[in-house]
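These notes concern the structure reproduced below.
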Amino acid sequence: MRYAFFDLDHTLLPIDSADGWLRFLVDAAGLDRAHHHAEIERHAREYNEGRFDVEGYLVFQMDLLARFDRGQLDLWRTRYLRDKVFPHLRFESQTLVQKHRSDGWEVALVTGTHSYVTRPIAAAFGIEHLIAVQPEEIDGRFTGRYVPPHTYQDGKRIAVEAFLAARGTRLAQLDDSLFYSDSINDLPLLEAVRHPVVTNGDARLRLIAQKRGWPTLELFDALGGA
């Protein structure tokens with residue numbers, strides 16, 4: 001079996017769907033904008049600098065979900081996807097995913113953006129398998145917790161192995177495997193697959209790709225970059 005794994009934000013999408021959702025939710029709900037946007041920016045900065053507080057970010061995300069009724073959240077999510085995400089679905093990304101599907105690969109989206117936001121995005125790409133942070137739900141309401149494992153840094157590799165184990169295999173046993181990602185934070189999974197592809201890579205990841213001879217892809221060049 002062959003699997004092609006895709007990161008989402010800044011890889012298939014030229015935006016950050018996680019930060020975008022948090023900002024949208026804060027504004028739609030009328031929360032303290034200055035405070036919450038500062039928190040979003042802090043976590044983003046720490047992520048980019050390689051000193052990411054994974055659990056702190058998860059607490060922040062899950063707490064926001066748990067504050068609201070699911071019906072209201074669903075309405076906000078519909079607006080967010082329609083206005084802020086789906087306009088950024090690019091032909092290049094959709095073509096790349098479809099090519100792997102047509103060539104007989106299993107395709108999976110592996111993302112740090114939680115599944116409540118990303119399941120409809122995966123569907124828009126025609127991707128059946130979603131490996132993402134799973135917000136915990138009880139009786140249709142989010143609890144403020146998540147179901148381990150998370151999908152940040154080495155957690156992304158661990159989550160992929162758990163996904164494959166549930167299907168009776170593991171990365172080392174696959175006939176072939178690919179992972180497309182832009183971020184140095186995804187290095188553990190890039191190193192674990194047979195064919196890493198640095199896609200719209202950040203500066204540190206581009207340097208590693210150059211040293212190791214990994215292929216690089218600038219998916220959005222034709223439209224002005226990601």
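Residue-by-condition table, conditions (1) among the basic types (K, R); (2) modelled with pLDDT of 95 or more; (3) open to solvent by 20 Å² or more (accessible area, probe 1.4 Å); (4) in contact with a strand residue (DSSP E or B) (Cβ under 8 Å, 6 or more places away or on another chain):
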site: R2; (1), (2), (3), (4): yes, yes, yes, yes
site: T11; (1), (2), (3), (4): no, yes, no, yes
site: R23; (1), (2), (3), (4): yes, yes, yes, no
site: V26; (1), (2), (3), (4): no, yes, no, no
site: H43; (1), (2), (3), (4): no, no, no, no
site: E55; (1), (2), (3), (4): no, no, yes, no
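Only one of the numbered conditions (1) touching a residue at least 60 places away in the same chain (Cβ under 8 Å); (2) in a loop (DSSP other than H, G, I, E, B) is not met by L31, and that is (1).
Quick one: would you say F91 is of a type in the set (F, W, Y) and surrounded by 13 or more Cβ atoms within 10 Å (Cβ to Cβ)?
No.
Within segment 121-172, the residues that satisfy the criterion of being in contact with a Ser or Thr (Cβ under 9 Å, 6 or more places away or on another chain), open to solvent by less than 30 Å² (accessible area, probe 1.4 Å) and under 19 Å from P188 (Cα atoms) are L130, I131, A132, V133, T151, K156, A159, V160, L171. Of the helices (runs of 4 or more DSSP H) lying entirely inside segment 108-226, the ones with 1 or more residues being under 28 Å from D63 (Cβ atoms) and either free of Cβ contacts under 8 Å to residues at least 12 places away in the same chain or in contact with a helix residue (DSSP H, G or I) (Cβ under 9 Å, 6 or more places away or on another chain) (or both) are found at 115-124, 154-165, 187-192.
I'd like to know if segment 156-174 contains one or more residues that are of a type in the set (D, E, K, R) and touching a Pro at 6+ places or on another chain (Cβ under 8 Å). Yes, the conditions are met somewhere in segment 156-174.
The values are calculated or read from the model by the stated rules, or taken from the named source; none is laboratory data. These numbers come from a predicted model, not from an experiment. Every residue, glycine as well, gets a Cβ built from its backbone with ideal geometry; the counts of neighbours run over all protein chains shown. Side chains are part of the model used for accessible areas, which takes the heavy atoms of the whole protein and leaves out ligands, DNA and RNA. Shrake-Rupley method; radii C 1.70, N 1.55, O 1.52, S 1.80 Å.
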